[in-house]
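What follows is one structure encoded as structure tokens, with my remarks underneath.
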Amino acid sequence: MNTHLLEIHPGEILREEFMVPLKLSEGELIAALNVPRTQIVALLTEQGPVTEALARSLATYFKMSVEFWLNLQADYDLRMQRIGGRQ
């Protein structure tokens with residue numbers, strides 16, 4: 001039996017738990033955060049991480065803590081290491 005937690009990338013959480021319920025488009029998020037498009041696209045396609053700077057922008061926009069976003073990334077990174085580095 002597989003007891004591993006699902007390997008949920010922070011980009012999936014951003015999409016499914018924040019953007020979809022708020023009907024927030026990728027373009028709207030990019031404009032609101034004033035960050036490079038490539039950084040948001042990489043995150044949303046689960047190809048890039050939540051950096052400290054991006055965590056600060058997301059935290060400000062969504063009125064949350066920076067630690068929330070950084071902890072999502074740290075948790076994901078640790079789980080990926082434990083299952084053999086599939087990233």
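Readers should treat all values here as calculations from the given coordinates under stated rules, not as data from a laboratory. Because the structure is a prediction, the values reported are computed rather than measured. Cβ: placed from backbone, ideal geometry, glycine included. Neighbour counts: every protein chain shown.
List of remarks:
- Exposure proxy shown here: for ARG15, ARG82, ARG56, the number of other Cβ atoms within 10 Å sets the order, fewest to most, as ARG82, ARG56, ARG15.
- Dipole magnitude of segment 1-64, debye to nearest 20 (Cβ charges: Lys/Arg +1, Asp/Glu -1, about Cα centre): 240 debye
- The angle separating the long axis of helix 66-82 from the principal Cα axis of greatest extent in the chain is about 30 degrees.
- Sorted by Cβ neighbour density within 10 Å, fewest at the top, the residues MET19, MET64: MET64, MET19
- Residue-by-residue Karplus 3J(HN,Hα) for segment 13-21, coefficients 6.51, -1.76, 1.60, Hz, glycine and proline x: 5, 4, 4, 7, 9, 10, 5, 4, x
- Note: relative contact order over the chain, using C-alpha pairs below 8 Å and six or more positions apart, is 31 percent.
- Per residue, the chain reaches -16000 deg cm²/dmol at 222 nm when only DSSP H runs of four or more residues are counted, each adding -39500 (n - 2.57).
- For the chain, the share of alpha carbon pairs falling in successive 5 Å distance bins from zero is 3, 14, 25, 27, 15, 9, 5, 2, 0 percent.
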